[in-house]
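Notes to accompany the following structure.
Readers should treat all values here as calculations from the given coordinates under stated rules, not as data from a laboratory. As the structure is a prediction and not an experimental result, all values here were calculated from the model. Cβ atoms come from the backbone with ideal geometry, glycine included; neighbour counts cover every protein chain shown.
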C-alpha cells in the first residue's frame, strides 16, 4: 500500500511465515501485521487506536536494535481488541485491578484452523480455543502498560479469560467483570466509555468511526447480528453496565467487537493511517 507517498506493507500471513517474511520487508519499509509472530517482543509495541498509540515511539528503539529502516507493528489478538478498547478509558479514570472475561467468539475468528469445523459449532458452543486465553491476558496487560527505559512495562492488572467459540459468523461477544481501584457508579463508567477516542477526531483519519465505543441503554443490546457493523465494524458496542457484587468497586458489562474489521483488516488500515498522520512512517 502507498499512502501520501509512504510505502507500508500489510501482512496477514500465518505466524511462522510472518517471522520469516516480515523482517525482510522491515529492513526498508514499515510493516503493519495481523500475525502474532512479533507481538511479545520487548521492542515491539501493539498499536490499537484509542488504547496504546503512545507506544508508537518504541519503534525507534526497534529500528536501532535490529538495524531496520522500517519496523514491524503487529495488531493485537482480535479477542483482546474490544476488551482493551473498553478497559483503557476505565483504567485511565478509575484504575483497573482485576478483570474476568468470558468470550463467545464468531467462527470467522478461527481462520483456516481445522479446530472448528462447521458442523462442530452448529447448535453448540465450543468451550476451548487453543492459546486464546493466554493471549488475552498477556496482550491486555501490554496494551494497557506504559513505555519505560527497557520497553513496555505491563500494566499491573490480573486478567482471567475463558474463551469459547459460538455459532455466530462474525463478531466477538464478551461478558466482562472489572474490579476498579476506586469506586465508580455504572453511570460514571458509562460516561467515561462514551467519551473514549475523542482525542483521535482531530487527526481526521478516514477509517476512524464517529464513536470508538457506543453504549446502549437497551438491556437486550449489544448483539453481534445487530451491532457488529456499528461504525462500519470499527465501533465497539457496550451494554448492561451494572455493578459487579463479587468485586470490591466492581462493575460489569457486555461488549461486541467486529473481529475481522476493527480486530483485523480495517484495524490495520486505521493503524497505518495513524502512523502516517503522526509522521511515524
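Of note:
- Among 56, 201, 137, the largest mean-square fluctuation in a Gaussian network model of the chain, built with springs joining Cα atoms closer than 10 Å, belongs to 201.
- Rh by Kirkwood over Cα pairs, then Stokes-Einstein D for segment 78-258 at 1.567 mPa s and 4 °C, µm²/s: 77 µm²/s
- Put in order of Cβ neighbour count within 10 Å, fewest first, the listed residues 88, 266 become 266, 88.
- Relative contact order of segment 13-98, pairs being alpha-carbon contacts under 8 Å that are 6 or more residues apart, as %: 34 percent
- Modelled FRET efficiency - R0 41 Å, residue 102 with residue 150, Cβ distances, 0.05 increments: 0.75
- Ranked packing of 70-78, 273-281, most packed first, by mean Cβ within 10 Å: 70-78, 273-281
- Most fluctuating residue given options 67, 106, 145, as computed from a GNM of the chain linking Cα atoms under 10 Å: 67
- Rounded, prolate or oblate (a/c below 1.5 giving rounded, otherwise prolate when a/b exceeds b/c) for segment 17-126 by Cα gyration tensor: oblate
- GNM flexibility winner over the chain from 79, 173, 162 (Cα, springs under 10 Å): 162
- Rounded to 5, percent antiparallel among DSSP beta bridges of the chain: 60 percent
- Pairwise centroid distance, computed over Cα atoms, of segment 44-87 with segment 156-209, Å: 18 Å
- Per residue of the chain, the DSSP helices (runs of n ≥ 4 H) give a summed -39500 (n - 2.57) that works out to -8500 deg cm²/dmol at 222 nm.
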